[in-house]
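Participant: Would you mind keeping the following structure in view while I ask a few things?
Bear in mind these aren't lab numbers, they're just calculated from the coordinates by the rules spelled out. Being a predicted model, the structure only gives us computed values, none of them experimental. All Cβ positions, even for glycine, are placed from backbone atoms using ideal geometry, and neighbour counts span all protein chains on display.
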Amino acid sequence: MVEKFDLVVKNAKTREHPDKTLDIGITKGVISKISKKVGNGARDIDAKGNLVTGPYVNPHMHLCKVYTLQMVGEEALKMYQTPEMGTAMVAIELASMVKKKYHESWIYENAKRALLLGLKHGTLYYRAFVDTDTKAKLEGIKAILKLKNEFRGVAEIQVVAFPQDGVVRDPGSEELVRKAVEMGADVVGGIPWIEYTDDDARKHIDLMFKIAKDHNRDVAMLTDDAGDATLKTTEMLAVKAIKEKWIGRVEACHARAMQLYPGPYFEKYTALLKKAGMGVVSDPHTGPLHARVKDLLRAGVPVALGQDDIADAYYPYGRNSMLEVAFLASHLLWATTLTDMEMLYDMITKNGARVMGLKNYGLQVGNRADLVVLNQKDVYGALTYQDIPAQVISGGKLIVENESKTKYHL
């Protein structure tokens, strides 16, 4: 009996079998067969011997802030990028001024522009941090929830209700976060290091966990985002996750202060993260300090990369291309061997999926048919050139075809 496929990707190189080409058969939105030859589908795509992988995953993106740099000015950017990040809190306070202008309409348009750019570059999964506080109110939440529904079935957007200005520092934000979750936000956010004292930081975590437990939500927080070795909110978050049995349901972003931790404490720190099943998302391109990525990975802590920002008060660039992010990280982390490149590619694909708790992700029979067909034959070429993918497939449907042509007149 001849199998029938809705779509077949032919002549694909895979990371699992780099020495041969394979066909990938897709039926009803699911990868149904991977073999040397699977026959034809209702539609066929020729990968031409190029690499085919799972799509890119971005577990940390401030989607409500994209393209606001010219609205807010560059003072916050200067403060966030001082050598030891000692004025990171000042940067956040300066950047928060733009939220007085927040309105669902323009946030929606900016965010949609960024998401379409992400589709072009093969990013199908996001954790979208959305400011939810007494300045931003629920304007960003309304805009991003609208986009979440519009992109449903094409890209998955996990909306994070994020009290950017603190919880104890910003009375009223706790209730707004709760309302955002009731409206449909998927994840409870937090930024405990922004509070003035350790006691307030713990209260911040406790209050956000209460909402998460009440609504059975995962937790994602920005921790220790400054050059201060006394910051320990990642530890506090891990301790809370263990105490509340929220194992594997908590994400820490940035955690930059770990770069300054002494060795003995860092060893205990990584053991605690493992016990909590916590993932770490690093964004080394948006600040001069960054998580100790290689050390964390060696210790068995899942680490992913995030785009973090696009043209806002914290980072002036960004194409919503995770290959670009991995390329930048390669330099900043001194991760330039071929083995390092494979590690970086994991950090923008399967590690990100693990941190986000995604199910049925990846190039395996039975998984959802989300794929990127690259214009390069291996990870080395992918990171070297950062080409846009030839095709992007979501749920077994071809959603993006990219063309790039150059004419020489010599």
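Participant: With angles folded into 0 to 90 degrees, how steeply does helix 263-276 sit against the dominant principal axis of the chain? Use alpha carbons for both and round to 10.
Facilitator: That works out to roughly 70 degrees.
Participant: Report, as a whole number in µm² per second, the diffusion coefficient that Stokes-Einstein gives for the range 245-332 at 4 °C and 1.567 mPa s using the Kirkwood radius over alpha carbon pairs.
Facilitator: Here the translational diffusion coefficient equals 94 µm²/s.
Participant: Please name which of ILE247, PHE266, SER321 has its Cα lying farthest along the dipole of the range 56-356 towards the positive end, using unit charges on Cβ (Lys, Arg +1; Asp, Glu -1) and the Cα centre as origin.
Facilitator: Toward the positive end, the furthest listed residue is ILE247.
Participant: Can I ask one more? Take the residue pairs LYS78/LYS294; LYS65/LYS99; LYS20/LYS48; LYS203/LYS232; LYS99/LYS179 and return only those whose Cα atoms are more than 20 Å apart.
Facilitator: Result: LYS78/LYS294 exceed 20 Å.
Participant: For the Cα atoms of the chain, what angle does the longest principal axis make with the long axis of helix 139-150, in degrees from 0 to 90, nearest 10?
Facilitator: Tilt relative to the chain: about 20 degrees.
Participant: Compute the helix-to-body angle for 198-215: its Cα long axis versus the longest principal axis of the chain, expressed 0 to 90° and rounded to tens.
Facilitator: For 198-215 against the chain, the angle is about 50 degrees.
Participant: With all pairs of different alpha carbon atoms counted, what Kirkwood hydrodynamic radius in Å does the chain show?
Facilitator: 21.6
Participant: Which one, SER394, ALA311, ALA143, projects farthest toward the positive side of the charge dipole computed for the chain from Cβ point charges (K/R +1, D/E -1)?
Facilitator: Going by the Cα projections, it comes out as SER394.
Participant: Kirkwood Rh over alpha-carbon pairs of the range 1-116, then Stokes-Einstein at 4 °C and 1.567 mPa s: what D in µm² s⁻¹, rounded to an integer?
Facilitator: 70
Participant: Explain nothing, just the number: relative contact order of the range 1-112, from Cα pairs under 8 Å at least 6 residues apart, as a whole percent.
Facilitator: 21
Participant: Provide, in order from the shortest bin, the percent of all Cα-Cα pairs of the range 93-200 in each 10 Å bin, continuing until the bin that contains the maximum pair distance.
Facilitator: Distribution as computed: 16, 45, 30, 9, 1 percent.
Participant: A further question on this structure: Report the relative contact order of the chain, percent, no decimals, based on alpha-carbon pairs under 8 angstrom and at least 6 residues apart.
Facilitator: Rounded, it is 20 percent for the chain.
Participant: Mind checking which aspartates and glutamates have their Cα closer than 19 Å to the Cα of LYS405? Skip sequence neighbours fewer than 8 apart in that chain.
Facilitator: ASP46, ASP387
Participant: Which number comes out as Rg/Rh for the range 1-66 once both Rg and the Kirkwood Rh are worked out on C-alpha atoms?
Facilitator: 1.14
Participant: So, with +1 on the Cβ of K and R and -1 on the Cβ of D and E, and no other charges, what is the size of the charge dipole of the range 56-356 about its Cα centre, to the nearest 20 debye?
Facilitator: 760
Participant: For the range 125-250, what does the relative contact order come out to in percent, with C-alpha contacts under 8 Å and a separation of six or more?
Facilitator: Relative contact order, the range 125-250: 21 percent.
Participant: Next question, about the same structure. Could you work out which residue, out of GLN307, GLN259, GLN376, moves most in a Gaussian network model of the chain, that is, has the largest mean-square fluctuation with Cα springs under 10 Å?
Facilitator: Most flexible of the set in this elastic network: GLN259.
Participant: Can you tell me the order of 145-156, 184-195 when each peptide is scored by its average per-residue count of other Cβ atoms within 10 angstrom, highest first?
Facilitator: Output ranking for 145-156, 184-195: 184-195, 145-156.
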